[in-house]
Each structure stands twice: as structure tokens, then as C-alpha cells.
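Here's the structure we're looking at; comments come further down.
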Amino acid sequence: MDFSKFKGEKARYITGAILIVLVGVVLVFNDVRLVWAVLGVAYLLGFYEALKLYEKIHALSFSFWHYGLALVVWGLAYISPHPIEGALFVGMLFAGVLAFRAKDIRHVLPLIYPTLPFVVLLALFKDFGVRGVLWLVVIVVVADVGAYFGGRLLGKIPLSPTSPKKTLEGSVIGLALASLLGGLAGLWNVDFAWALGISVVVAISAILGDLYESYLKRRAEVKDSGACLPGHGGILDRLDAMLFGGVALHFLLFLPYV
């Protein structure tokens, strides 16, 4: 195994460690206002990155109105006990206005992704507290780290033409580790059998989220969604898997048999 592949990526590891510490500090305080504020900064940065991707992919021109809508969505997410419905409400009204004015309906895309997944992350904290968020973080981080190191050391078969650098071997290793450790982390919420099953679905969703962001970047012909995180790229580069995984976990935890 060639460990030299990991040299020269100091910035990636340092940034990753800082992000983990930041998440830990926010969760220790366990205050919805702090979570809303920190997640809101990430959302607005991710929203900006998404606008730039959609502009390149669809040759669209977004205006300050989109940022105003993003602020409205996030404001409603704070005051409403059902933030997801608030985001859907704003998106529905905006889509209707676009139709009324015969404008390109694709302008609503940023209010679907990344807006809805970010709102779901806040809803996950509101509905299931620190335990729910920690469960998600364990699954997604282990899946990502396992896939990264497993792929670097053992990967040979490309996972998808969307992201040829990701390997099947790395993804399988990440999925297996995330499912097992996620099953243990989920014992706070459900029994091990359900925790294991939920962790498998969330880990697969996280992998798909990573691929979706890769697809957007490939279509936009850019390497990263942004440049605010040294060694990682942009907010969406770092949170793509978390966004998809969060939607999956929030949905699964509301099923009647959980």
C-alpha cells in the first residue's frame, strides 16, 4: 500500500480537524440559536456557490431577489416549528410568480438544492436534538473518511463516470464502516437492528449526495464549488454528503416503526 499518496494534503487535514472541532463546540452548547446562526452562514455560502453552478450549467442570471428569498427562508426556519414547510411555502410562491411572469422556471432550483437539505439539517436538530445530529455526523464522516482512505489504498474500480476518482472499493469500505459505527451511534435513538438499517440507508444517501455535487461541478466544468475551505473547496464540496444524508435520516426517524 502506497502511503505517499497522503503526503502534501496538510491543508485538507487541518481544515477537516477545525470543522470537527467547530461542530463539537456548537453541539456542546446545544442552543438552537447558535445552530441556526452557524448553519445559516454555511447555508448562505452554499446558496451562493449553487447559484454560480446553476449559472454555468443553465446559462441563467440570478439577481439579489434570490438572496432575499434565501434570507426569508432562513428567517422562517428560525421562528417556525416546521421549517421544512416554510421553505416549501417560499419555493412554491416563487415558482408561481415565475410562472405568472413567464420566466424560466429553473430559477427556482436554488430553493430546492441546497435550500431544502439545509433546512432539513436545522429541522433534524429541532426535532431530534444533539443525538440526532451526532448520529448523522458519525455516519457521514465515517463513510467519507472510509471511502477516502480505502479508495486511496485499495481502490481500482471507478464508482461512477460522474466522479471517476471515487472507487467502488473505497465506497464499500466507507459504507461498511459507517453502517457499523452508525448502528452503534444510533443506539441512543433506536435498537441496534433499526439503527444499523437506518445507517445503511443514510450512508448510501450520503454517497449519492457526494455524486450529485460532483455531477453539478462536472456539468459546470469546475473543480470545486467554491474556495472558502482550504483543501476541501467550498461549503457544498464539504457538506454535499451531509445534506443528502440529513434528509434521509430525518425522514427515517419519523417512520412509525422507528
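The values are calculated or read from the model by the stated rules, or taken from the named source; none is laboratory data. Note that the structure is a prediction, hence the values are computed from the model and not measured. A quick note on method: Cβ atoms are made from the backbone with ideal geometry, for glycine too, and the neighbour counts reach across all protein chains shown. These area figures cover heavy atoms from the full protein model, side chains too; ligands, DNA and RNA do not enter into them. Shrake-Rupley method; radii C 1.70, N 1.55, O 1.52, S 1.80 Å.
Odds and ends about this structure:
- Filter pass, Gly155 being modelled with pLDDT under 90 and open to solvent by 10 Å² or more (accessible area, probe 1.4 Å): yes
- Within segment 162-174, restricting attention to residues that are among the aliphatic types (A, V, I, L, M) and surrounded by fewer than 22 Cβ atoms within 10 Å (Cβ to Cβ), the residue that is modelled with the highest pLDDT is Val172.
- Meets criteria (open to solvent by less than 40 Å² (accessible area, probe 1.4 Å) and among the aliphatic types (A, V, I, L, M)) for Leu208: no
- Some residue of segment 184-202 being of a type outside the set (Val, Ile, Thr), in contact with a helix residue (DSSP H, G or I) (Cβ under 9 Å, 6 or more places away or on another chain), farther than 19 Å from Ala147 by Cα and outside any helix (DSSP H, G or I): yes
- Long-range neighbours under 8 Å by Cβ, at least six apart or interchain, first residue open to solvent by less than 30 Å² (accessible area, probe 1.4 Å) within segment 62-78, second among the polar types (S, T, N, Q): Ala70/Thr115; Val73/Thr115
- Restricted to segment 215-258, and to residues there that are of a type in the set (Gly, Ala, Ser), in contact (Cβ under 8 Å) with a residue 60 or more places away in the chain and assigned to a helix (DSSP H, G or I), the residue that is surrounded by the fewest Cβ atoms within 10 Å (Cβ to Cβ) is Ala220.
- Single residue of Gly129, Gly96, Gly151, Gly146 found to be touching a Lys or Arg at 6+ places or on another chain (Cβ under 7 Å) and part of a helix (DSSP H, G or I): Gly151
- With respect to the conditions (1) closer than 18 Å to Ser214 by Cα; (2) not in a loop (DSSP other than H, G, I, E, B); (3) not polar (S, T, N, Q), Ala176 falls short on a single one, namely (1).
- Screening the candidates Leu19, Leu44, Leu98, Leu51 for the property of being over 15 Å from Ala123 (Cβ atoms), of a type outside the set (Asp, Glu), open to solvent by less than 90 Å² (accessible area, probe 1.4 Å) and touching a strand residue (DSSP E or B) at 6+ places or on another chain (Cβ under 8 Å) yields one hit, Leu19.
- Residues located in segment 221-245, provided they are closer than 18 Å to Leu175 by Cα and not small (Gly, Ala, Ser): Arg238, Leu239, Asp240, Met242, Leu243, Phe244
- Some residue of segment 14-30 being without any contact (Cβ under 8 Å) to a residue 24 or more places away in the chain and of a type in the set (Phe, Trp, Tyr): yes
- Some residue of segment 47-60 being part of a loop (DSSP other than H, G, I, E, B) and either polar (S, T, N, Q) or under 18 Å from Asp210 (Cα atoms) (or both): no
- Single residue of segment 136-152 satisfying the filter (closer than 17 Å to Arg238 by Cα and not hydrophobic (A, V, I, L, M, F, W, C)) that is least open to solvent (accessible area, probe 1.4 Å): Gly146
- Residue within segment 177-198 that is open to solvent by 20 Å² or more (accessible area, probe 1.4 Å), in contact (Cβ under 8 Å) with a residue 60 or more places away in the chain and among the polar types (S, T, N, Q) present: yes
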